[in-house]
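These notes are about the structure you will find just below.
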Amino acid sequence: MSGHTFVEKALARAAHADSARAGDVLDVQPDLIFSHDNSAAIRRIFMETGAQRIARPDRVAITLDHAAPAPTTQHAQNHAEIREWVRQQGIANFFEVGRGICHQVISEEALVLPGEVILGADSHSTHYGWLGAFGMGVGRTEMAALWATGELWLQVPESMRITLTGHLRPGVTSKDLALFILGQWGADGGQYRSVEFAGEGISSLTLDQRAVLPNMMAEFGAMSAYIPPDQAIFDYLERNRQRDYTPLYPDDDAIYADDYIIDLSSLQPQVAIPHSPDNVHNLSDVIGQPIQQAFIGTCTNGRYEDLAAAAEILAGHHVAVRTIVIPASSEVLLRATRSGVLQTLIEAGATINTPGCGPCMGNHMGIPAPDEATISTGNRNFRGRMGTAQADIYLASPAVVAASAIAGAIADPHEILIQQQAINASGAIL
Amino acid sequence: MSHHRVWVYGDHINTDVIFPGKYTYTMKDPTQMASVALQDLDENFASQVQAGDVIVAGRNWGCGSSREQAVTALKYAGVRTLIAASFNGLYFRNCINQGVHPIVCPGLADTLQTGDSIEIDLDEHVIVANGNAYPIPTLSPTVRAILETGGLVNMLRERDWPMAEAT
Ligand code: SF4
């Protein structure tokens with residue numbers, strides 16, 4: 001009998017079953033469930049079910065992040081309804097406007113832990129694989145059912161393994177790796193699967209870098225994704241965690257539907273071009289493509305290291321196009337304030353907005369005009385994603401977005417760094 | 001056996017195209033949602049779709065966001081069956097939970113054009129199109145039960161819920 005994958009173990013545990021296999025349908029009781037600005041809509045469905053109380057309000061989280069602060073009266077009303085609901089139901093984990101994007105905030109607050117199951121009314125709930133948890137997105141009706149009953153039917157997915165070897169070269173990031181995966185195997189390459197990362201390459205990735213991978217596996221069609229947690233993850237969670245946990249790891253003889261190996265040192269910077277995140281090219285092939293807006297933020301690349309990477313490129317330069325920076329959380333914002341990263345960004349001409357999703361899905365704070373192109377650190381470049389159907393969206397790493405902001409066209413950050421080094425060196429000679 | 005007119009689409013049709021994200025927090029009425037369904041893909045769809053019509057698509061239908069309005073909009077436009085070579089996993093779940101039948105059927109979209117008609121025989125588990133029969137995959141009992149009750153909300157309505165304590 002072969003061993004079990006991570007997902008088989010995690011879902012069996014959450015369903016209180018002895019074991020499970022891909023294909024089994026289980027009633028799973030997640031450790032945490034969450035929603036965001038969509039909570040008012042979920043409440044309306046919840047009321048239709050006849051239920052009156054949320055089953056486990058201590059295991060519910062709600063963030064206001066998708067259109068925050070409210071851009072219109074309608075959005076404000078939506079937020080007000082949610083606040084009232086939180087109060088009525090005694091929901092334990094509520095995060096106000098400005099605290100940040102659900103995935104970042106829930107991670108920082110250690111509300112989900114390795115080996116646990118988290119279901120969110122958001123497609124990028126695959127995100128929590130970076131902590132060694134099973135994270136999956138669910139629809140509004142499913143979230144209403146979860147509020148009512150605390151459980152949901154799930155079919156255990158097949159798994160695929162992506163083994164990472166070697167190290168990323170300087171200037172190459174986990175965003176490039178995620179885009180490379182999408183480019184190689186397509187937007188349905190991981191469809192309804194658990195994408196389980198493995199290999200010594202993982203330990204070379206910083207925590208901020210790791211969070212990008214499971215997040216972007218939503219674009220791969222994956223049901224969930226997983227990175228085996230190590231000491232760095234345990235240390236990260238230690239500050240805020242409120243319960244004990246037991247991490248889960250796949251068995252060595254687990255069966256994978258696909259098994260890929262990627263040598264990190266072979267990768268180069270990638271850019272996804274309109275209108276799909278799997279329409280991926282080497283950066284060198286798209287250099288010079290004009291852009292009218294640069295956006296650094298989102299749950300994919302709005303963390304401290306992302307802002308710092310952008311600041312490293314922007315230091316001493318001035319942006320040629322409007323450049324919007326939105327930290328993924330108040331914690332990121334505070335850290336970037338204290339370290340001086342924010343000052344560097346502002347001096348370079350960037351503008352800083354309230355932590356949250358911003359223009360990522362076209363709600364506010366950076367909607368492009370028709371026929372404009374945006375280069376974004378986000379995860380999705382579907383037509384109309386940022387609110388304007390006739391606008392193009394390019395996806396890249398924070399350094400590439402920063403370099404492009406300086407040039408007004410897609411540019412290579414490496415060249416800017418070399419120029420800077422040359423200037424510094426000649427300064428030293430003079 | 002039932003007859004259906006089809007709307008045929010390609011691969012990787014994402015939820016932003018099926019139901020634009022800009023309406024997600026502002027549009028609440030499902031009939032209104034139906035009026036913008038597939039707006040950015042096929043401008044004829046919303047005005048010409050009729051109850052009982054079926055969408056037949058290629059690979060990865062419904063990829064992208066988890067927004068279930070991308071199912072609701074089609075449901076209220078009268079589409080109760082969706083056929084695709086493959087579905088995004090979340091989208092597939094959203095269909096079941098709203099009582100819309102997702103049928104995985106690779107290759108069918110290649111043989112049809114919008115306006116053609118097909119026959120669906122749920123008892124025999126086949127789709128008949130252009131004289132060819134395509135199998136309809138069977139669903140697990142849990143999933144079939146939700147679908148047959150008309151979705152998760154209907155299923156939950158049948159439960160006896162504890163009354164809320166006075167607060
Ligand atoms: S930042 Fe974008 S992708 Fe992330 S949760 Fe917000 S809207 Fe979704």
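Quick check: pseudo-label points 7 Å beyond the Cα along Cα→Cβ at residue A:18 and residue A:240, how many nm apart are they?
The two pseudo-label positions are separated by 3.9 nm.
Within a 10 angstrom radius of the beta carbon, how do A:83, A:380 rank from fewest other beta carbons to most?
A:83, A:380
Run the helix sum for chain A: -39,500 (n - 2.57) per DSSP H stretch of 4+ residues, divided by residue count, reported at 222 nm to the nearest 500 deg cm²/dmol.
Values: 16 runs with 145 residues, N = 430.
After summing the helix terms and dividing by the residues of chain A, the value is -9500 deg cm²/dmol.
Would you mind ranking B:43, B:119 so that the residue whose beta carbon has the fewest other beta carbons within 10 Å leads the list?
B:43, B:119
Looking at the protein assembly as shown, send over the antiparallel percent of its DSSP beta bridges, to the nearest 5.
30
If you count, for every residue in A:23-29, the Cβ atoms of partner chains within 10 Å of its Cβ, what is the mean?
Per residue, the number of nearby Cβ atoms from other chains is 1 on average.
When you take every Cα atom in region B:2-136, what is the radius of gyration, and what is Dmax, the widest Cα pair distance, in Å?
13.8, 45
Excluding residues fewer than 8 places away in the same chain, name every one of the aspartates and glutamates whose C-alpha is closer than 12 Å to that of residue A:175.
Within reach: A:208, A:306.
Working from Cα positions, state the angle (0 to 90°, nearest 10) between the long axis of helix A:413-429 and the longest principal axis of chain A.
The two axes meet at around 50 degrees.
Work out the FRET efficiency for residue A:266 and residue B:158 from their Cβ-Cβ distance, taking R0 = 41 Å, and round it to the nearest 0.05. The partial results should precede the final answer.
On the way: r = 56 Å, r/R0 = 1.36.
The value I calculate is 0.15.
Between region A:128-198 and region A:331-379, what's the alpha-carbon centroid distance in Å?
After rounding, the separation between the Cα centres reads 25 Å.
Could you check the spin-label model distance between residue A:73 and residue A:318? Points 7 Å from the Cα along Cα→Cβ, value in nm.
4.1
Given 0.36 nm per residue, what is the gain on full extension from residue B:113 to residue B:31 after removing their alpha carbon distance, in nm?
Difference between extended and current length: 26.9 nm.
How would you rank A:418, A:202, going from fewest to most other Cβ atoms within 10 Å of each one's own Cβ?
Lowest to highest Cβ neighbour count: A:418, A:202.
Hey, what angle do you get for helix A:304-314 against the long axis of chain A, alpha-carbon based, 0 to 90 degrees rounded to 10?
On a 0 to 90 degree scale, this one is about 10.
Once amide H atoms are placed 1.01 Å from N in the peptide plane, what residues at a sequence separation of 5 or more from residue A:68, or on another chain, have their amide H within under 5 Å of its amide H?
The answer is A:357, A:358.
Partner chain Cβ atoms within 10 Å, averaged over the residues of B:10-22 - can you pull that number for me?
That works out to 5 on average.
How much length is gained if the chain between residue B:144 and residue B:128 is pulled fully straight, taking 0.36 nm per residue apart and subtracting their Cα-Cα distance, in nm to one decimal? Kindly include the intermediate steps, with their values, before the conclusion.
Working: separation 16, 0.36 × 16 = 5.76 nm, distance 2.17 nm.
Length gained between residue B:144 and residue B:128: 3.6 nm.
To test your reading of the geometry: what angle, between 0 and 90 degrees and rounded to tens, separates the Cα axis of helix A:174-185 from the longest principal axis of chain A?
So the helix axis and the longest Cα principal axis differ by about 70 degrees.
Roughly how far apart, in whole Å, are the Cα centres of region A:203-219 and region A:264-293?
18
Provide the gained length on full extension for the span residue A:425 to residue A:251, in nm with one decimal, where the gain is 0.36 nm per separating residue minus the Cα-Cα distance.
That pair, residue A:425 and residue A:251, stretches by 57.4 nm at full extension.
Dividing the convex hull volume of the Cα atoms of the protein assembly as shown by its residue count, what figure in Å³ per residue is obtained?
154
Can you list the lysines whose alpha carbon is less than 20 Å from that of residue B:28, not counting same-chain residues fewer than 8 positions off?
List returned: B:75.
For region A:18-264, place one equal point scatterer on every Cα, skip the solvent, and apply the Debye formula. What is log10 of I(q)/I(0) at q = 0.09, 0.14 Å⁻¹?
Each listed q corresponds, in turn, to -0.39, -0.93.
Cα centroid distance between region B:65-137 and region A:49-91, in Å?
Rounded to whole Å, the Cα centres lie 34 Å apart.
Return the distance in nm (one decimal) between the two label points of a simple spin-label model at residue A:284 and residue B:3, each offset 7 Å from Cα along Cα→Cβ.
6.0
A short reminder: the numbers here are calculations on the coordinates, not readings from a lab. Given the structure is predicted, the values throughout are model-derived calculations rather than measurements. Note that each Cβ is placed from the backbone with ideal geometry, even for glycine, and that neighbours are counted across all protein chains shown.
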